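Down below is the structure, laid out as structure tokens.
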Amino acid sequence: MNVSIFEELKKRVLVLDGAMGTMLQQYKFTEEDFRGERFKDYPYSLQGNNDLLSITQPEAIKTIHRKYFEAGADIVETNTFSGTSIAMADYHMEDLVYELNYESAKIAKEVANAFTTKTPEQPRFVAGSIGPTNKTASLSPDVNRPEYRAITFNALKTAYKQQVEALIDGGVDLLLVETIFDTLNGKAALFAIEEVKEERDITIPVMVSGTITDASGRTLSGQTVEAFLISISHIPLLSVGFNCALGAKQLHPYLERLARQTDFFTSAHPNAGLPNAFGEYDQTPEEMKIQIEGYLKDHLVNIIGGCCGTNPEHIKAIAETAKNYKPRPIQQFVI
């Protein structure tokens, strides 16, 4: 399967799924739904722990994966964006991390295999989603103590390693280190992945996706597009790209800079525009499709999908458009 995704990327633009959180919000799950029978007497509140739903509401997660594949996605992400002991500490569920990631990977892989069996000419893939955690290794959370760090590189590496091992055991085809706002956090995840690969003597494709936080064109930890790329290019990657924070229109110039500076495949999964005053995303599938088509016309991407505010309708519109364009050709590395 690892060889297949490289081969598929040479043939066409691959489509990534949309937002898991956006879809889960439609279920309006209550505290009792999050708990399920297994955690009905848990002493802490669990509402909002979306990763836990892979255990307590697995059918909902399967249905969401299925809807994205039906919409035309080639790759779905596991429901594990917050699947580290660091993020799970908010719910006092650090001990559940391996199971959460393993079950999430199994669920996604089961659905992917079913679709690949039905249409083998369009193989489907599962990306193990590895989020940035809720702590940053580069910046102090205390303005009065600029030297202070809430987390260390080694603590991040250890947490990521546990997640990576579980995702691989659960059957993912590739790993996606995404929404990187602090490149040092991202490097800890990549270090953990390389360690697991070496210990197990395996290879697995790795996608990296950073996030440009505002019109400054920098990550939260202050890096430009070029600096971010240089910081992670020592790792053998499947792709590098950007997601979240910005809509497709706002992301375009930064993606253009990235695409011209790397010989990796490139990816983008922007938000459905910018949030309104209520924090909601109003951009329609048609509006987003038009903006995404600009990426395709300019040959900026090899993998395209959606982030916050996107649903299967957005992905369907993007997938139908992507069929009309050739993938970005891989250039000679120029940095």
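The values are calculated or read from the model by the stated rules, or taken from the named source; none is laboratory data. Keep in mind that this is a model prediction, so the values were computed, not measured. FYI the Cβ positions are ideal-geometry reconstructions off the backbone, even for glycines, and counts take in every protein chain you see.
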Exercise for review: Being modelled with pLDDT under 95 and more than 21 Å from the chain's Cα centre (by Cα) is the filter here, so list the residues in the range 262-294 that pass it.
Suggested key: Asn276, Ala277, Phe278, Asp282
Exercise for review: Could you tell me whether the range 27-42 includes any residue that is in a helix (DSSP H, G or I), aromatic (Phe, Trp, Tyr) and either in contact (Cβ under 8 Å) with a residue 60 or more places away in the chain or within 30 Å of Thr152 (Cα to Cα) (or both)?
Suggested key: no
Exercise for review: Working carefully through the options Phe228, Phe242, find the one that is in a helix (DSSP H, G or I) and either in contact with a strand residue (DSSP E or B) (Cβ under 8 Å, 6 or more places away or on another chain) or surrounded by 23 or more Cβ atoms within 10 Å (Cβ to Cβ) (or both).
Suggested key: Phe228
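Can you tell me which of Pro123, Pro146 is without any contact (Cβ under 8 Å) to a residue 40 or more places away in the chain and on the phi < 0 side of the Ramachandran plot?
Within the list Pro123, Pro146, the selection yields Pro146.
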Practice item. Considering each residue of the range 103-126, count those that are out of contact with any Ser or Thr (no Cβ under 7 Å at 6 or more places or on another chain) and either buried (at least 22 other Cβ atoms within 10 Å of the Cβ) or not aromatic (Phe, Trp, Tyr) (or both), and give that number. Key: 15
Practice item. Residues that are of a type in the set (S, T, N, Q) and over 19 Å from Leu238 (Cα atoms): find the helices (runs of 4 or more DSSP H) completely inside the range 96-210 holding 3 or more of those. Key: 97-118, 153-170
